[in-house]
Amino acid sequence: MKQSIIQSKGFWINIALIIIGATMPLWLTVELSGLGSLMEKLRKEPDGTTLMLAAFALVLLNTIRAFPHYIGALLLGDELSAHTGKGWIKFIVPLTVIPLVYLIINGYSVLNYHFGGPALLLLLSIAILHLLGKGQLRPLFKAFILTQLLFGFQWLDTVAFLTAFGFGGGPLSTEVKLIAEQLGFNGALSFYSLVLCGVSFINALVLTIYLTVSEQKRKMRQDLDIARLDMVESRSGREALHLVHDLKTPLSLMEGLNSLIQMKTEDPEILNYTNKISSSIQSTSDMVSEILYHEKKNWCTLKTFIEYVRANKLSESDTIYEFDLKADDRIEIHINKIRMTRALVNLIDNASDAVEGQSDARVTICTEMDHPGILIGVKDNGHGISQENIEKIWNTGYSTKSHPGVGLTFVKSVVKEHGAELTIESEEGFGTTFWIHIPKERVRDENFDH
């Protein structure tokens, strides 16, 4: 179930970062940072050492002040894009939020915050990171790379010959460059700044390549694990299908012989037995069809389905399971009983893993009415799923355990085959509930022997 974006912890953390960035000049002042005293000393007794220290302090202050809203805008764009499924949002959010923060700061600050070259380069870098890192770089990796670029590009504000191109238009940057010119340190300051900018840029570039390749390798290993598992399942599945298909021959023979007995006798007791045999053969034949054909569905009472799940899973487990069956067990659902059972068993396995090792471990199988359908749920009292991971669990291969996560992928495919819906309710520290909403149901006719 898609969680509302305003319920996401990540969303509010990113908003908080942007607010901190917009208000930081109010409390992280030039005087508090130590830059004020350096500038005062530079004005009274200008020298090369004080100039370099003041330039470094200025770049560091600008980096720290810019860090929250740049990173917040980057991560907020990723968060909204992932939630809505619209890739363009991750580009629009930083392009909107970052200039807006500059406007807000300039609205209350006596110092003019210059939206110049470094800001434009950083916005371009964010766009490039999104393009190059699409599907490869995690948002936090992008944030780490952007931090490197943020520090590097701030040095360009102290390069004298770049002033004409929109770099270093703020009052402090301008003053530092004027004093450097008076001291004859323009060349030295520019060289010093370009070297540090280059080092940061190269470091960010190497980091981008390394993290991208690492992510690619991780995904390749994950895909290989899934492919290997699919191959094993496919081979086992084909063998099972051949065996199941071969069951049709003896079933047909049994049905023929049973019909012949019915024709040869009028004994009521024998006919009663043969009718039960015929009913059992038909049920077995339906099960064979459900195994062989995914699209094959039959009407099945809720009671029969829950008992079938119990027989296929719960009776083999040491875990104590609870039942909260609020729906009328006479209600019939239109399902492929074999595949739906496998799907529910996968959810039960996940729930069992979630409570493993707990002294008060509980796994509850639930049913509820949800006209015109039925809700079938699996609830656990484990640690729950974090808001960061709640969307990732649907991705093929994602798992919080050591083995590749394919269980939920299978569950989703079965649910989709039934025109049903799979939702999740989870809260950290309180457990998780998966709900399968099956839309087709009918009340069983008591006079009909299903």
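The values are calculated or read from the model by the stated rules, or taken from the named source; none is laboratory data. As the structure is a computational prediction, the values presented were derived from the model and not from experiment. Backbone-built Cβ (ideal geometry, glycine too); neighbour counts: all protein chains shown. Note: areas computed on protein heavy atoms with side chains; ligands, DNA, RNA excluded. Shrake-Rupley method; radii C 1.70, N 1.55, O 1.52, S 1.80 Å.
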*C-alpha center-to-center spacing [region 258-277, region 136-162] in angstrom*: 85 Å
*Could you do me a favour and compute the accessible area per residue for region 17-119, 1.4 Å probe, result in Å²?*
46 Å²
*asked:* Can you compute the label reach from LEU178? Point 7 Å from Cα along the Cβ direction, backbone N cut-off under 18 Å, restricted to region 113-152.
replied: 113-114
*Cα centroids of region 29-49 and region 173-212: how far apart, whole angstrom?*
20 Å
*Hey, with R₀ at 22 Å, roughly what FRET efficiency would LEU260 and TRP299 work out to, going by the Cβ-Cβ distance, to 0.05?*
0.15
*Computed FRET efficiency, Cβ-Cβ of VAL195 and LYS41, R0 22 Å: what is it to the nearest 0.05?*
0.35
*Any idea how far apart LEU253 and ILE13 come out in nm if each label point goes 7 Å out from Cα toward Cβ?*
6.5 nm
_region 131-177 - percent of accessible surface contributed by carbon and sulfur, probe 1.4 Å_ = 74 percent
*Starting from the amide H of ALA327, placed 1.01 Å from N in the peptide plane, find each other amide H under 5 Å away whose residue is 5 or more places distant or on another chain.*
THR367, GLU368, MET369
*asked:* Which residue, ILE98, GLN148, THR84, has the largest displacement toward the positive end of the dipole of region 61-176 when charges sit on each Cβ (Lys, Arg +1; Asp, Glu -1)?
replied: THR84
*Using θ = phi - 60° and the Karplus curve 6.51 cos²θ - 1.76 cosθ + 1.60, what whole-Hz ³J(HN,Hα) does each residue of region 302-311 get, with Gly and Pro shown as x?*
4, 4, 4, 5, 4, 5, 5, 4, 4, 5
_D (Stokes-Einstein, µm²/s), Kirkwood Cα radius, region 9-78, 0.890 mPa s at 25 °C_ = 184 µm²/s
*Global geometry of region 67-208, whether rounded, prolate or oblate, following the gyration tensor of its Cα atoms and the 1.5 cut on a/c*: oblate
*Heavy atoms of GLU175 accessible to a 1.4 Å probe, total area in Å² rounded to 10*: 50 Å²
*Whose amide H sits under 5 Å from the amide H of ASN298, counting only residues 5 or more places off or on another chain, with H placed in the peptide plane?*
ILE335, ASN336, LYS337
*Full-extension gain in nm, LEU131 to HIS383, via 0.36 nm per residue minus C-alpha separation*: 87.1 nm
*Return the FRET efficiency for the residue pair TRP88, ILE6: r is the Cβ-Cβ distance, R0 is 25 Å, and the value is rounded to the nearest 0.05.*
0.75
*Report the extension gain between ILE281 and THR23 in nm, rounded to one decimal, defined as 0.36 nm multiplied by the number of residues separating them, less their alpha carbon distance.*
85.3 nm
*Rank these residues by their accessible area, most exposed first, probe 1.4 Å: HIS418, HIS437.*
HIS437, HIS418
*Ranked from the most accessible area to the least, with a 1.4 Å probe and all protein chains present, what is the order of LEU32, LEU260, LEU121?*
LEU32, LEU260, LEU121
*Spin-label model distance (nm) - ASP353 vs ASN272, 7 Å beyond Cα toward Cβ*: 5.0 nm
*Tell me, what is the 1.4 Å probe accessible area of ARG43, in Å² to the nearest 10?*
110 Å²
*asked:* Treating only the Cβ of Lys, Arg, Asp and Glu as charged (+1, +1, -1, -1), what charge dipole size does region 1-130 show about its Cα centre? Round to the nearest 20 debye.
replied: 320 debye
*Give me the accessible area of PHE151, 1.4 Å probe, in Å² rounded to the nearest 10.*
50 Å²
*Given LYS219/LYS412; LYS142/LYS379; LYS86/LYS416, which pairs have Cα atoms separated by over 26 Å?*
LYS142/LYS379
_Given a 1.4 Å probe and heavy atoms of the protein chains only, how would you sort GLU266, GLU31, GLU441, largest accessible area at the top?_
GLU266, GLU31, GLU441
_Quotient of Cα Rg and 2.2 N^0.38 Å for region 1-154, N being how many residues it contains_ = 1.17
